[in-house]
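As structure tokens, the structure follows; a few thoughts come after it.
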Amino acid sequence: MDGEAKHEVAATPSEVVDGDVADDWSKEDDGVAPEAPPPAAESLDPPLEPQPQPQVSKEDVQTSLQSLQLEPKAKDKEIAKPEETQVPEEKDEAKKRHLNVVFIGHVDAGKSTTGGQILFLSGQVDDRTIQKYEKEAKDKSRESWYMAYIMDTNEEERVKGKTVEVGRAHFETETTRFTILDAPGHKSYVPNMISGASQADVGVLVISARKGEFETGYEKGGQTREHVQLAKTLGVSKLVVVVNKMDDPTVRWSKERFDEIEGKMSPFLRASGYNVKKDVQFLPISGLIGYNMKTRVEKNICDWWDGPCLFEVLDSIQVPMRDPQGPLRMPIIDKYKDMGTVIMGKIESGSIREGDSLLVMPNKTNVKVLAVYCDENKVTRAGPGENVRVKLSGIEEEEILTGFVLSSVVNPVNATFEFNAQLQILELVDNAIFTAGYKAILHIHAVSEECEIVELIEEIDTKKKKDADPKKKKPKRKPLFVKSGAVVVCRIQVSNLICIENFADFPQLGRFTLRTEGKTIAVGKVVALPPAGNSTF
């Protein structure tokens, strides 16, 4: 195969008359063009006799002498070249930590606009692009949407003004590289929001201060509540609550309005499991104008705010370190073909190196890593917490499904049809009762799968002292059913093999939500898996 490819490379420039294109070829495949003609001449005498053209590239032959060390390994050439240039970059990667930030909140709170403004302020988008978006938004009579267009790239999202897919973008501050995940706020797209939040370390909860908008998002059925509960369940340990639209005529940077929102949100965040003093920070911003984002808001605009701006808060957030030496776990969130099979996901544990032999679970396919890309750069290794694209050999794109997990061969991820879970039931639809036979949609890391509750094992009394050792307790009678608000240990069954882990071992692969009819009814964690080697109990 390689030989044939070389002949093609050599033959194409000879058919091109202009020098330009031939030049391009010689730049790309410096060392290959001069080497290929001799074998070709042996096999095809007549067509290749009028080939004095490679003489044109005599300078190229000289330039190719520098890259001659790469010649003996023509196959490895692609890999070897980037490795040389990547050495300094890797040091840079190591110097800056990496955080995934998900933007959550009610529809129209300003998540995409705030994300777009961050990219603009950090120099990821130039003025010309902004002007283009301003014009486009004006043509649609939606002048204030132009910043959101940076994050909402497809036409459907722009026409409706609603984010559908999870938008992705990158920006850097002096100490940290960030990946922004812009989650949709509309309740129809909560499953997409779940997949975005499951990859995040930090959440930015965007709340609109505009009169009426905060109340709509916060009241029962509003997305502000559901997003907070989901974020906590999906492992977003730190939350920055940005009160947006402070410049609105109904607000005008009013301290009373800011305090009112903080006062209402704090008890709810506490009830959702956040430590408001340690893990939550409130701050006022204007996403459209960019006040209090990169630099602190000026006193003549907002005289009462003495706290930090958004960039400072994001920079100072400390998240727990993950183990780069642990067994590899990378849930696959997307896949596509590009000169081979490429998968995308976030490394939850362990590291991936070029040349690694790994396993795609649950179908136990052995694969080899051909290349690793971090943001847009090729790197030789990537550690936990990184969003990566990995090019694999040994598997076809069609064989991979979202929710499969790339894992180490020595210690592969568990694949199972059933598991025991501890569930907290939030709110059942139409006051239904929760009993064996209840069906719902299970969302765990990138998997969404229909599931059935096959058995309720025990109801946990949350009012009792927490420090009592659960192992010493007498086994209770199994409950027949439970209602909203209960905490219960139950067995859950799915129809397809899914890759999950015990919450105690890998929290990211052991926490999940149950949804039905578009509502989140329960959140939970995996507490027991079938014995090793079995997919059922």
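The values are calculated or read from the model by the stated rules, or taken from the named source; none is laboratory data. Since the structure is predicted, the reported quantities are computational estimates derived from the model, not experimental observations. In this analysis, Cβ positions are derived from the backbone assuming ideal geometry, glycine residues included, and neighbour counts consider all displayed protein chains. To get the accessible areas, we keep the full protein, side chains included, count just its heavy atoms, and leave off ligands, DNA and RNA. Shrake-Rupley method; radii C 1.70, N 1.55, O 1.52, S 1.80 Å.
Observations
- Potential lengthening between Trp304 and Glu156 on full extension [0.36 nm per residue; Cα-Cα distance subtracted]: 49.2 nm
- The three principal axes of the C-alpha atoms in the range 316-362 carry coordinate ranges of 39, 23, 22 Å, sorted with the longest axis first.
- With R₀ set to 51 Å, the beta-carbon distance separating Glu256 from Thr536 gives a calculated FRET efficiency near 0.30.
- Counting only DSSP beta bridges with both residues in the range 233-345, the antiparallel share comes to about 55 percent.
- Theoretical gain in end-to-end length, Ser484 to Lys140 [0.36 nm per residue, Cα-Cα removed]: 119.4 nm
- DSSP bridge pairs, the range 85-227: antiparallel proportion in percent, nearest 5: 35
- Taking amide H as placed 1.01 Å from N in the peptide plane, the amide H of Ser254 sits under 5 Å from none that are at least 5 places away or on another chain.
- Global form of the range 241-337, assessed from the alpha-carbon gyration tensor, a/c cut-off 1.5: prolate
- Accessible area in square angstrom per residue, the range 139-258, 1.4 angstrom probe: 38
- Residue-by-residue Karplus 3J(HN,Hα) for the range 370-387, coefficients 6.51, -1.76, 1.60, Hz, glycine and proline x: 8, 7, 10, 10, 10, 6, 10, 9, 7, 10, 8, 8, 9, x, x, x, 7, 8
- In the range 127-255, the C-alpha radius of gyration followed by the widest Cα-Cα span (Dmax) gives 15.6, 42 angstrom.
- Taking a point 7 Å out from the Cα of Val429 in the direction of its Cβ, none of the residues of the range 202-225 has a backbone N less than 12 Å from it.
- When you filter the GluC sites (Glu not before Pro) in the range 169-246 for DSSP loop state and at most 15 other Cβ atoms inside 10 Å of their Cβ, you are left with Glu174, Glu219.
- Other-chain or far-sequence residues with amide H under 5 Å of Lys238's (modelled H): Gly203
- Near the amide H of Tyr291, within less than 5 Å, lie the amide hydrogens of Ser286, all on another chain or at least 5 residues away, with H placed in the peptide plane.
- Filtered trypsin sites (Lys or Arg not before Pro), the range 212-274: DSSP coil and at most 16 other beta carbons within 10 Å: Lys220, Arg252
- Extension gain from Asp505 to Thr462, taking 0.36 nm per residue of separation minus the Cα-Cα distance: 13.1 nm
- Put a dot 7 Å past the Cα of Ser495, heading toward its Cβ, do the same for Val409, and the two dots end up 3.5 nm apart.
- As a rough guide to protection, the peptides 149-158, 124-133 ranked by mean Cβ packing within 10 Å, highest first, stand as 149-158, 124-133.
- Among the trypsin sites (Lys or Arg not before Pro) found in the range 300-367, those both in a DSSP coil and sparsely packed, with 14 or fewer other Cβ atoms within 10 Å of their Cβ, are Lys364.
- Relative contact order for the range 297-347: 23 percent, from Cα pairs under 8 Å spaced at least 6 residues apart, divided by residue count.
- Cβ-derived FRET efficiency at R0 25 Å, Thr295 paired with Glu215, nearest 0.05: 0.25
- Oblate is the label for the range 200-256. Its Cα gyration tensor axes, ordered a ≥ b ≥ c, give a/c of at least 1.5 and b/c at or above a/b.
- Solvent-accessible area per residue, Å², over the range 380-537 with all protein chains present [probe radius 1.4 Å]: 51
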